[in-house]
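Student: Have a look at this one.
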Amino acid sequence: MPKIIGLLLAAVLLALTANTDAAVPRRLVSDAQIVAQGQPVASGAYVEIYQHRAAIDPSFLKVMESADEEVQRVTGLKLDTATYGSKVRVYVSDAIGVSNVWRGYQHSTNPKAIVFLNLRAYQGAMSGKNATHVHELTHLFTWRYYSHTLREGIADYVALKVFPGAAVGPNPGGDSTRLDIPPEVVDLLGASKPPPEWVSTDPLRRRAYYYASYQLVNYLIETKDLETFWKLYLSENPEMDIKSLYGLDRIDAVQAALGVR
């Protein structure tokens, strides 16, 4: 019986993560190795495309160039060329489990204009059904931050503004049922705390973490505007400044965003 239950849970998890990034990275090679071994595919005004252990259609350049323009339009931001240079390098590889930017969650310690996409994200971007490429690209435009949940939430917000209803990262597209948000996720929303290890290792909590982060950011932007949100995003103490900017304590804003009474 335990074996049957285990198989059923595995099947449910597989269904939940279909067309999305898996929770545990299937990283066969390092970021640096992918960069070293990547082969150029196409180069445009804003983006360069590279392939690693995969054959990538050169027309993907147009998809990424359009995404770059859309991120600028939605956010009102420009790429920090003083830090990054003038072009973003995008590497598509079959050795990547979870799409990410250079150094992942530690990107801000060594920022480089590099995005790594797995084949699911690439194929979904080509079909318009997955907006993970926009999510990752947004991270480059918003690389200075103090709340990781606000960082992930705004990346999902921009991605879904560009491709409404698309899959993004660990969450499938469409009008999915609201997720139950564990208290350990609630404790992190809007706070200046680093992401815990389980965000990368626990599929269900990972989904909840990204879903709730998006819900909070969407609520804050709809409540005020994007200009006010950027003030909170750049605050070194968002737990305190959310009160002065929105008139709500952090937990009250989180509960309102998640529909909790």
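The values are calculated or read from the model by the stated rules, or taken from the named source; none is laboratory data. All of these numbers come straight from a predicted model, not from anything done at the bench. With ideal geometry, Cβ positions are generated from the backbone for all residues, glycine too; neighbour counts draw on all protein chains shown. For the accessible areas, the whole protein counts, side chains as well, though only heavy atoms, and no ligand, DNA or RNA atoms are used. Shrake-Rupley method; radii C 1.70, N 1.55, O 1.52, S 1.80 Å.
Student: For the stretch 124-136, in order, what is each residue's ³J(HN,Hα) by Karplus, 6.51 cos²θ - 1.76 cosθ + 1.60 with θ = phi - 60°, in whole Hz (x at glycine and Pro)?
Tutor: Running phi through 6.51 cos²θ - 1.76 cosθ + 1.60 with θ = phi - 60° gives x, 5, 5, 8, x, 9, 9, 10, 4, 4, 6, 4, 5 Hz.
Student: Still on this structure: As a test of reading the structure, rank 240, 64 by solvent-accessible area (1.4 Å probe, protein chains only), most first. Walk me through the intermediate numbers first.
Tutor: Working: 240 125, 64 0 Å².
Descending accessible area places them as 240, 64.
Student: Under a 1.4 Å probe, what is the accessible area of the chain per residue, stated in Å²? Could the numbers behind the result be given before it?
Tutor: Details: 12290 Å² over 261 residues.
I get 47 Å² per residue for the chain.
Student: Counting only protein heavy atoms, what percent of the accessible surface of the chain is carbon or sulfur at a 1.4 Å probe?
Tutor: On the way: 6650 of 12290 Å².
Carbon plus sulfur share of accessible area: 54 percent.
Student: Could you tell me the extents of the stretch 38-126's C-alpha atoms along the three principal axes, largest first, rounded to whole Å?
Tutor: 32, 27, 21
Student: Next up: Below 8 Å between Cα atoms, with a sequence gap of 6+, how large is the relative contact order for the chain in percent? Display every interim value, and only then the final one.
Tutor: Numbers: 451 pairs, mean separation 46.8, N = 261.
Contact order relative to length: 18 percent.
Student: Continuing with this model, one more query. Probe 1.4 Å, all protein chains in place: accessible area of residue 81 in Å², nearest 10?
Tutor: Roll a 1.4 Å probe over it and residue 81 shows about 80 Å².
Student: Rounded if a/c is under 1.5, else prolate if a/b is larger than b/c, else oblate: which is the stretch 110-261, with a ≥ b ≥ c the root eigenvalues of its Cα gyration tensor? If you can, show how the numbers build up before the last one.
Tutor: Numbers: a/c = 1.58, a/b = 1.38, b/c = 1.15.
Because a/c hits 1.5 or more and a/b exceeds b/c, the stretch 110-261 counts as prolate.
Student: Now, a different point. Using a/c under 1.5 as the rounded threshold, could you call the stretch 78-150 rounded, prolate or oblate? The axes a ≥ b ≥ c are square roots of the C-alpha gyration tensor eigenvalues, and prolate needs a/b larger than b/c, oblate otherwise. Working shown, then result.
Tutor: Values: a/c = 1.73, a/b = 1.59, b/c = 1.09.
Taking the square roots of the gyration eigenvalues as a ≥ b ≥ c, the stretch 78-150 is prolate.
Student: Amide H to amide H, which residues 5 or more places from residue 57 or on other chains are under 5 Å from it, using H placed in the peptide plane?
Tutor: The answer is none.
Student: Something else about it: Determine the relative contact order of the stretch 108-261: mean sequence separation of Cα pairs under 8 Å and six or more apart, normalised by residue count, in whole percent.
Tutor: Working: 209 pairs, mean separation 35.4, N = 154.
Across the stretch 108-261, relative contact order equals 23 percent.
Student: Run down the lysines and flag those whose C-alpha is under 18 Å from the C-alpha of residue 129, throwing out any fewer than 8 positions away in its chain.
Tutor: Leaving aside lysines fewer than 8 places away in the same chain, those within reach of residue 129 are 62, 161.
Student: Sticking with this structure for a sec: Given the options 58, 155, 226, identify the residue whose Cα lies farthest towards the positive end of the charge dipole of the chain (+1 on Cβ of Lys, Arg; -1 on Cβ of Asp, Glu).
Tutor: Going by the Cα projections, it comes out as 58.
Student: Let me ask something else about it. Excluding residues on the same chain fewer than 8 positions from residue 87, give the aspartates and glutamates whose Cα lies under 13 Å from its Cα.
Tutor: 48, 65, 68, 69
Student: Over the stretch 69-153, calculate the relative contact order: mean separation of alpha carbon pairs under 8 Å at least 6 apart, over the residue count, as a percent. Could the numbers behind the result be given before it?
Tutor: Values: 100 pairs, mean separation 24.0, N = 85.
The normalised contact order for the stretch 69-153 reaches 28 percent.
Student: While we're here: Non-local amide H neighbours of residue 89 (under 5 Å, H modeled in plane, Pro and chain starts lacking H): which ones?
Tutor: Here the answer is 48, 114, 115, since their amide H atoms fall under 5 Å of that of residue 89.
Student: Filter 78/112; 78/231; 112/231; 78/243 down to the pairs with a C-alpha to C-alpha distance above 21 Å, please.
Tutor: On the way: 78/112 15 Å; 78/231 16 Å; 112/231 24 Å; 78/243 28 Å.
Cα-Cα > 21 Å for 112/231; 78/243; rest within.
Student: When each pair of different Cα atoms in the chain is counted once in the 1/r mean, what is the Kirkwood radius in angstroms, to one decimal? Could the numbers behind the result be given before it?
Tutor: Working: mean 1/r = 0.0533 Å⁻¹.
Result for the chain, one decimal place: 18.8 Å.
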